[in-house]
Amino acid sequence: MQTVKNNKKEKPILEVRGLTVRYGQGCDYCLNGQPLLKNSCPHCKTVWACNDVNLELYPGEILGVVGESGSGKSTMMKSIYFDFPVTEGSAYLQAYGAGKANMFAATAQQKKYIRNHMMGMVYQNPVLGLRMDYSAAGNIAEKLIAAGGRNFGSMTARASQLLEAVEILPGRMKEPPKNFSGGMQQRVQISKALANNPQVLLLDEVTTGLDLSVQAKVLDLIRRIRQEFGVSILLVSHDLAVIRMLADRTVVMLEGKIIERGLTDQILDDPQHPYTQQLVHSLL
Amino acid sequence: MIDQKHYNFAFLDENSKREIRRSLLKAVAIPGYQVPFGSRELPIGRGWGTGGIQITLSVIGKEDVLKVIDQGSDDSVNAVNIKKFVSACTGVEITTDSEAASIIQTRHRIPEIPLKKEQILVLQVPTPEPLRIVEPREAVTKKMHAEGEYSPMWLTLYEDLLRCGKIGISAEYPVLVENRYIMNPSPIPRYDTPKLNDSDCLYLFGAGREKKIYAIPPHTRVMPLEFDDIPFETENFTGKRCHLCGAEGVYLDELTDEETGAKYYECSDTGYCAKRREQGCRP
């Protein structure tokens with residue numbers, strides 16, 4: 001049963017306003033907001049990977065982001081996690097400056113603090129999120145160390161606790177993730193992302209490339225950690241089944257823009273935008 | 001001493017010495033920060049102590065007394081050659097007594113006796129960058145130092161403890177200088193690392209091949225990286241003593257008798273050992 005958290009009285013835990021990521025200088029045509037057929041300008045070939053993206057994530061909510069490959073989902077996610085520089089826009093995290101300070105305008109040190117204390121990220125490719133030659137516990141400890149942890153015993157205990165929470169036996173905590181299966185690597189990534197009790201968890205295509213039974217395990221895990229850790233989740237996927245199973249609300253992206261938003265059931269059962277209709281009918 | 005008509009005092013020309021001194025001043029002003037400098041060619045191969053020699057030649061004066069040691073020994077090939085070279089181009093007095101020396105150039109060891117405030121210890125450094133073991137790119141390590149991003153270094157220590165139960169770094173144990181920069185103390189053993197903290201003397205570090213100079217001024221806080229619950233440990237020589245002078249509680253070299261195969265120990269600092277024997281100390 002899905003829970004809806006978009007109560008207007010509740011303040012969003014993460015608010016993104018006018019997020020734009022542009023590759024290229026732009027020209028008079030595209031910079032003045034002229035309509036683009038694709039995400040690149042026909043005159044100057046500037047790519048608008050994300051174009052004026054607005055979204056809110058409420059406490060305890062799972063917000064799904066769907067769209068085809070190249071629609072700007074991952075770019076948006078990585079921009080929020082400061083992996084990519086943002087061209088324009090602002091983002092407000094409840095825990096940072098009481099939700100009034102634009103975190104994109106933060107200093108390098110402040111961004112580091114936000115990344116390490118307030119957000120967790122799980123990448124589609126575990127190689128981006130894990131050090132494959134270090135132990136599973138070491139990978140989790142890295143996040144704790146980055147947040148100032150200097151107690152070996154407590155960090156190891158926390159790593160063991162988190163690995164147990166994602167159903168990895170404590171006996172394997174000294175093994176490097178390169179020895180693990182794809183599903184296990186994703187679970188190590190999830191436990192690493194949860195290490196500092198973040199408010200927001202960013203999941204980028206976490207089930208892509210996994211077989212169905214492993215996918216089901218990871219999805220169950222995400223649902224469970226939302227309840228256990230009370231974390232808000234931004235879930236990027238191009239798999240509508242995953243979105244239907246997990247997301248409370250969903251936004252649909254196309255060519256760097258959000259073209260439709262609403263409750264997940266509403267989006268999937270009664271899509272309004274022609275692209276969303278095409279997407280839903282091609283997959284279901 | 002070599003002919004002063006053909007060679008400047010202390011071999012290097014005055015402009016070179018001035019540039020190195022300017023780098024030294026900057027290094028002293030920012031303890032633990034690696035200052036780039038224009039490393040000069042010397043009649044010694046790179047990697048044989050050219051960084052240390054350039055510092056020594058830049059700060060040495062006619063009244064100075066020089067001691068050169070290599071792994072604690074006054075008589076190793078490297079130490080003897082450096083002594084001969086500096087003596088030939090400066091004419092300064094050479095000594096093996098750590099207390100009598102005003103400048104001590106060393107590799108791999110810090111003398112046993114506590115150094116005084118008027119003394120300078122010059123250390124030869126092969127790899128000045130402590131983060132090299134976790135990051136091969138110079139541009140990235142510079143950024144890591146600038147941002148104080150030392151998590152990968154701590155993670156390496158964590159991994160050692162997790163997998164082996166102890167930290168496996170024996171020499172070149174990384175230290176945190178004034179709670180700001182992680183620094184490579186040169187390949188001194190762990191035993192010598194605490195001597196860097198709150199010392200009376202000035203420590204200068206030179207890496208000729210890598211073209212870097214850094215320093216620890218007197219009374220600087222220099223702490224080895226350690227976890228809150230795992231204290232830093234040095235080599236332990238409890239129950240062992242020097243077979244020549246009977247010294248205990250000093251850094252000892254382990255040797256093996258070729259005939260009997262028995263292990264015995266002697267002081268790594270040969271000058272210290274010789275002085276004790278002169279004073280009548282016996283095993």
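For this structure, a couple of remarks:
- Using distinct alpha-carbon pairs, which all enter the 1/r mean, Kirkwood radius of the range A:146-232 in Å: 13.6
- Fraction of the pair-distance distribution of chain B above 23 Å, Cα-Cα pairs, percent: 56
- Average other protein chain Cβ within 10 Å of Cβ, residues B:153-160: 6
- Put simply, when B:192-201, A:209-218 are sorted by average Cβ atoms within 10 angstrom per residue, most first, you get B:192-201, A:209-218.
- With a 10 Å cut-off around each Cβ of A:129-136, the average count of Cβ atoms from other chains is 2.
- Here the Debye sum runs over all C-alpha atoms of the protein assembly as shown as equal scatterers in vacuum, and log10 of I(q)/I(0) at q = 0.05 Å⁻¹ comes out as -0.33.
- Loop sites in the range B:1-49: trypsin sites (Lys or Arg not before Pro), DSSP, at most 10 other Cβ within 10 Å: B:LYS5
- Spin-label model distance (nm) - A:ASP52 vs B:ALA139, 7 Å beyond Cα toward Cβ: 3.6
- Percent of Cα pairs exceeding the 14 Å cut-off, where the set is the range B:143-189: 57
- If R0 equals 22 Å, the separation of the Cβ atoms of B:ILE44 and B:ALA88 corresponds to a calculated FRET efficiency of about 0.95.
- The GluC sites (Glu not before Pro) of the range A:143-217 meeting both criteria, a DSSP state outside H, G, I, E and B (loop) and at most 14 other C-beta atoms within 10 angstrom of the site's C-beta, are A:GLU167.
- Shape index of the range A:125-192: Rg/Rh, with Rg the Cα radius of gyration and Rh the Kirkwood radius from the inverse mean 1/r over Cα pairs, equals 0.93.
- Averaged over the residues of peptide B:220-232, the number of Cβ atoms from other protein chains lying within 10 Å of each residue's Cβ is 2.
- For the range A:64-106, the fraction of alpha-carbon pairs in successive 5 Å shells from zero, as %: 5, 21, 26, 20, 17, 7, 3
- When Rg and the Kirkwood radius Rh are both evaluated on Cα atoms of the range B:236-283, their ratio Rg/Rh stands at 0.98.
- Inter-probe distance in nm under a simple model that places probes 7 Å from Cα toward Cβ, at B:ALA262 and B:ARG282: 1.7
- Once both labels are positioned 7 Å from their Cα atoms along Cα-to-Cβ, the gap between A:GLU68 and A:TYR113 label points is 4.4 nm.
- If the Kirkwood radius is taken over C-alpha pairs of chain A, then at 37 °C and 0.692 mPa s the Stokes-Einstein diffusion coefficient equals 168 µm²/s.
None of the figures in this text is laboratory data; all of them are computed from the coordinates on show. This is a predicted model, so every value here is computed, not measured. Positions of Cβ are backbone-derived with ideal geometry, glycine not excepted, and every protein chain shown enters the neighbour counts.
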